[in-house]
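Notes follow once the structure below has been shown.
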Amino acid sequence: MSFTVAIDGPAAAGKGTISRSVAAEFGLAHLDTGLLYRAVGRRVLDGADAIAAAEALTAQDLENPEALRTAEVAQAASRVAVMPEVRAHLLAFQRSFAARDGGAVLDGRDIGTVICPEAEVKLFVTASAEVRAERRYLELSAKGSDVSRAQVLADVRERDARDAGREAAPMVAAETAVLIDTSEMDIAAAVAAACDAVRAAL
Ligand code: C5P
């Protein structure tokens, strides 16, 4: 039987940590759907056509996720993510992952609204742009990346605007989503809130 937890929200709100923790707590598989768009963005930076790259994407392209977690690839991902044809090519992969036996957590921008509208649990994880930019800045600096706070905040705002403003599957909370604002929450409290929502649906 499939059991799907859909977790949406903007960059650096805590979705990744929450998704991994929920998956571990309930023994569910986890797919970070941002990696699909990042893999396509990476290909485009290397000169490929976005739609052809999305059509040709396989699970193997997601095997080296750390290489895809750069600011440059994130921006490229959000640029290809506005294209309906790119999104359409990535749909089947996500839906079949969600349908696997034993259940799954998928995190992204449109999981509760477009990819898995029937998900048993929908969460929308958010935080203020300033808080998210500070978290991302600390993360990138720890990896040795030479970025400024102002640049990271500008990047976060640019990506938010593109993700929320696009016509194809814009980032928006599903009507029935449980809202978790992590601006003033530590990660343990956010994970606990997410686990409570999942437990209530079991
Ligand atoms: O979540 P992450 O920051 O890795 O996502 C990178 C980009 O991929 C996002 O800014 C967004 O444009 C796009 N994306 C999307 N739909 C998803 C997941 C990611 O449009 N379900």
Note to self: Report D for region 61-158 in µm² per second (integer): Stokes-Einstein, Kirkwood Rh on Cα pairs, 25 °C, 0.890 mPa s.
What the structure shows: 157 µm²/s
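Using a Förster distance of 30 angstrom, determine the FRET efficiency expected from the C-beta separation of ASP101 and CYS195, and round it to 0.05. Don't skip to the end; give the middle numbers.
Values: r = 22 Å, r/R0 = 0.72.
The pair ASP101/CYS195 has a calculated efficiency of 0.85.
Under a Cβ-only charge scheme (Lys and Arg +1, Asp and Glu -1), can you give me the dipole magnitude of the chain about the Cα centre, in debye to the nearest 20?
Working: 22 positive and 30 negative charges, 32 e Å.
Using Cβ point charges on Lys, Arg, Asp and Glu, the chain gives about 160 debye.
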Check: Among PRO10, ALA92, PRO65, which residue has its Cα positioned farthest towards the positive end of the charge dipole of the chain, with +1 placed on the Cβ of Lys and Arg, -1 on the Cβ of Asp and Glu, and the dipole taken about the Cα centre?
Finding: PRO65
Check: Got a sec? What order do ARG95, ARG136 fall in by accessible area at 1.4 Å, biggest, i.e. largest, first?
Finding: ARG95, ARG136
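Nearest 500 deg cm²/dmol is fine: what mean residue ellipticity at 222 nm does the chain get from its DSSP H runs of n ≥ 4 alone, each adding -39,500 (n - 2.57), divided by its residue count? Walk me through the numbers on the way to the answer.
Values: 9 runs with 106 residues, N = 202.
It comes out at -16000 deg cm²/dmol, rounded to the nearest 500.
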Checklist line | Label-point separation in nm, LEU179 to ALA59, each point 7 Å along Cα→Cβ | finding: 3.8 nm
Item checked: Accessible area in square angstrom per residue, region 91-193, 1.4 angstrom probe -> 51 Å²
Check: Per the 1.4 Å probe, what fraction of the accessible area of the chain, in percent, lies on carbon and sulfur atoms?
Finding: 54 percent
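For region 62-178, what's the relative contact order in percent, using C-alpha pairs closer than 8 Å and at least 6 residues apart? Mind dumping the intermediate values first?
Working: 85 pairs, mean separation 39.2, N = 117.
Taking the mean separation of contacting Cα pairs over the length of region 62-178, I get 34 percent.
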Next item on the list: Have a look at ALA174, ALA13, ALA99 and tell me which one the Gaussian network model of the chain (Cα, springs below 10 Å) gives the largest fluctuation.
Entry: ALA99
Check: Per-residue HN-Hα couplings for region 103-114, Karplus 6.51 cos²θ - 1.76 cosθ + 1.60 at θ = phi - 60°, whole Hz, x for Gly and Pro?
Finding: x, 8, 10, 10, 10, x, 10, 10, 6, x, 9, 10
Notebook entry, point to check: Can you give me the Cα centroid spacing of region 123-202 and region 1-36 in angstrom?
Noted result: 13 Å
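Among 30-38, 70-78, 154-162, how do they line up by average Cβ neighbours within 10 Å per residue, starting with the highest? Provide the component values of the computation, followed by the final result.
Details: 30-38: 22.9, 70-78: 18.9, 154-162: 16.8.
For the peptides 30-38, 70-78, 154-162, the packing ranking is 30-38, 70-78, 154-162.
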Notebook entry, point to check: In the neighborhood of ALA54, defined by Cβ-to-Cβ distances under 10 Å, what is the net charge if each Lys or Arg adds +1 and each Asp or Glu adds -1?
Noted result: -1
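The values are calculated or read from the model by the stated rules, or taken from the named source; none is laboratory data. Here the structure is a predicted model, which means the values were calculated and not measured. Reconstructed Cβ throughout: ideal geometry from the backbone, glycine too, with neighbour counts over all protein chains shown. Note: accessible area is taken over every heavy atom of the protein model, side chains too, but ligands, DNA and RNA are not part of it. Shrake-Rupley method; radii C 1.70, N 1.55, O 1.52, S 1.80 Å.
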